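Taking it in order: structure first as structure tokens, then the write-up.
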Amino acid sequence: MPSLIAAIQDAERSPEVDARTVLRPAPKPVADESGPAVPEVLASFDAPATARAADSYAQLLVQRVDDEHFTLSVQHKDDSAVKRIGETYNRPGISLGELAASRQRGGADFNPQKLYNLMLIWSQQMWEQETPELLGWLQDLRFTIGDDKLRMVIWDTTGFDIPWEMLLVPAGETPSSCPAGLLGGLLAVSRRISGRQATGEAAQYAEHACRGRLLAYVEEEMAADRKILPGYDAGAVGNLGELLDRLETAPGTLGLVYVACHGHWAEEVSDLLLGDIQYAEIALHPLPALSRSRAVVFLNACHAGRLLWDPRLNSGVYGFARAFVQRGADVVIGPTGLVETGLAGRIAADILAQVTRKPSPPLAAALAQVRAKIAQRVAGQRRPAKEDLKELIYTFMYVCYGNPYATLELPSGDRQ
């Protein structure tokens, strides 16, 4: 198979990028075959075995084996029909949150070109050496269903922070219907959360309009975000404590809960912060107004869309996206790393501009459209502009969790 990168875009390979930083060494073979057999890792679903979805629904399952390895499985329409792809795969060290924030820990300056090249090399490794069967499955779905209709759900329980949305997909046999591009810009990609959601598993597969008023908290440093929110003055609260109170007691229905503040990443779930709010303040307390409304939660805060594997709990992944989904949000959107304030506001404005059009697209599709717009400025460029690459990486940090069919409907102006 010819080089994927050469086939998709005429880009220079950076001599500073070493593929050894992308994929770690494969596990050593077991020398003593008489030892105890290694049990096969099986898919652990919480969805009912009879769950069915529309033809447009497909799911990629990424499951943790140990600290360095994972498995891949796929399914289409049916939660009980699971197909394993290959054996085990090595954990890549390509977390966007880690790579983009390394300069804060005394590492090298953020270099968008090197980071982008790293994503391309990882993609090449995945398709050419690791998962040709996965590529065939994906391209068949794209050709049969169409990129505009396909809803790709990724259920990643590893905590490895793999940026699947930045996986570079080659063109299919019919490039006009299956063009090349980054996965999250080609398809409406949403992430699934482990554990039963407040609204039940079936709600993940159903069309649902998140219809209602705005509830928002925007820190002064992010004050520009207020201009992009319809009815901000009527829906604003003064602090995050008040926002949580409203999510418990607010009458009527909410369409969008918008939070713009600082976020703090940590190695342990108990140290995660959204502004001054701890993870447990959301995860351990009912939020009846949120679960009743099944609203969209947009967390425009650094690392707010990122999930971690806490070694003390050693079971599943945790983060604010999980907390809000399990408290009843139909969709949660947030970045998986550190995002500059100005860019964060622009990205949020672009996403909200897409979902407030008539007819409004699903949140996952709107986010894909925003990603595609910036990806088009980079694709095929031998030396893309640094600012374009920077915006591309930050835009692809924003991920969507929850219902891939959910739309958002806000009242116009200050009407409630």
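Structure above, values below:
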read-out: Which listed residue is in a loop (DSSP other than H, G, I, E, B), at pLDDT 90 or above and either more than 21 Å from the chain's Cα centre (by Cα) or within 30 Å of A406 (Cβ to Cβ) (or both), from I94, I85; value: I94
read-out: Residue list for region 373-387, restricted to those being touching a helix residue (DSSP H, G or I) at 6+ places or on another chain (Cβ under 6 Å) and among the aliphatic types (A, V, I, L, M); value: I374, A375, V378
read-out: Positions within region 168-190 being of a type outside the set (A, V, I, L, M, F, W, C), surrounded by fewer than 24 Cβ atoms within 10 Å (Cβ to Cβ) and not in a loop (DSSP other than H, G, I, E, B), in sequence order; value: G181
read-out: Count - residues of region 365-397 that are within 20 Å of D148 (Cβ to Cβ) and not in a helix (DSSP H, G or I); value: 1
read-out: Residue in region 290-327 that is farthest from E207 (Cα to Cα), counting only those that are part of a strand (DSSP E or B) and either touching an Asp or Glu at 6+ places or on another chain (Cβ under 8 Å) or among the basic types (K, R) (or both); value: L308
read-out: Selection within region 101-122 - part of a helix (DSSP H, G or I) and modelled with pLDDT of 80 or more; value: P112, Q113, K114, L115, Y116, N117, L118, M119, L120, I121, W122
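The values are calculated or read from the model by the stated rules, or taken from the named source; none is laboratory data. Just so it is clear, the model here is predicted, and its values are computed rather than measured. No Cβ is skipped: glycine too gets one built from the backbone with ideal geometry, and neighbour counts run over all protein chains shown.
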